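**Q** One structure, pasted below without further comment.
The values are calculated or read from the model by the stated rules, or taken from the named source; none is laboratory data. Predicted model only: the values in this text are computed from it and were never measured. Neighbour counts are summed over all protein chains in view; Cβ atoms, including those assigned to glycine, are modelled from backbone coordinates with ideal geometry.
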């Protein structure tokens with residue numbers, strides 16, 4: 001199976017499960033609008049890929065994967081609000097608050113966050129270790145909270161005051177982007193350990209991979225914000241400059257940013273060598289890092 005075939009298989013699994021959530025009207029319709037708006041589904045794919053690489057059945061990790069995507073979607077809804085980035089376009093479609101209003105968008109984001117933890121905790125499966133869903137939910141909560149993604153987002157709202165050098169940007173993005181990527185990778189490993197004995201080094205390897213992947217991802221995002229087009233990205237470009245934010249590009253320039261993306265991509269791939277991956281998915285994870293590092297949207 002090629003890299004793309006495997007990615008498409010994981011993504012199809014996620015999409016097929018996501019459509020089963022929030023089928024009602026009212027608030028559920030608002031939640032569903034953003035949850036099913038498309039996207040690459042990188043984070044849930046990472047859950048399934050790490051589960052399989054560690055020797056588990058990715059089908060048993062599917063609700064963990066959906067939980068991560070629910071949490072990610074909540075963060076996007078809130079990130080787009082007028083009080084944050086004030087964006088009108090997301091994934092080529094009007095943002096949630098432009099369609100349903102700010103109040104409904106805020107509530108949809110809140111509800112998706114709660115649903116994410118509920119989905120992880122209630123994940124079905126013949127778990128060998130019955131605490132696997134609780135572990136997954138704990139990892140997700142820690143990634144999302146006041147010491148994780150929300151802290152990174154708070155720092156990000158400070159604009160130039162909050163990050164005026166590379167070191168501060170790395171700290172921000174390690175929280176804002178890296179923590180949820182780490183959670184996705186770790187939840188995949190947890191899903192595998194809930195099914196069978198696994199190499200204990202898989203946890204450290206997953207964390208190292210996600211940390212470097214997150215930085216490469218964010219720097220590439222900053223590059224695309226100045227080099228791409230709204231038609232390609234499916235969202236506005238130049239929003240960082242419009243909001244007065246310092247980025248990797250403004251601090252280091254485009255060429256050094258490209259070099260940093262490559263450096264962090266290589267570090268992510270190297271982290272995988274710390275562990276043994278009985279599921280044989282190590283090459284897919286390497287390829288995924290490469291693809292994200294050279295993505296154009």
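**Q** If residue 156 passes every condition in (1) outside any helix (DSSP H, G or I); (2) more than 23 Å from residue 209 (Cβ to Cβ); (3) in contact (Cβ under 8 Å) with a residue 40 or more places away in the chain but one, which one does it miss?
**A** Every condition holds for residue 156 apart from (1).
**Q** Given the criteria over 11 Å from residue 105 (Cα atoms) and in contact with a strand residue (DSSP E or B) (Cβ under 9 Å, 6 or more places away or on another chain), does residue 55 qualify?
**A** no
**Q** Another question, then. Out of all the residues in segment 230-272, which are modelled with pLDDT under 70 and in a loop (DSSP other than H, G, I, E, B)?
**A** Within segment 230-272, 234, 235, 236, 237, 238, 243, 244 meet the criteria.
**Q** Can you find a residue that is part of a helix (DSSP H, G or I), within 30 Å of residue 282 (Cα to Cα) and touching a residue at least 24 places away in the same chain (Cβ under 8 Å) anywhere in segment 121-131?
**A** No: zero hits.
**Q** Would you mind telling me which numbered condition in (1) over 22 Å from residue 52 (Cβ atoms); (2) outside any helix (DSSP H, G or I); (3) more than 22 Å from the chain's Cα centre (by Cα) residue 297 fails?
**A** In the conditions (1) over 22 Å from residue 52 (Cβ atoms); (2) outside any helix (DSSP H, G or I); (3) more than 22 Å from the chain's Cα centre (by Cα), residue 297 misses (3) alone.
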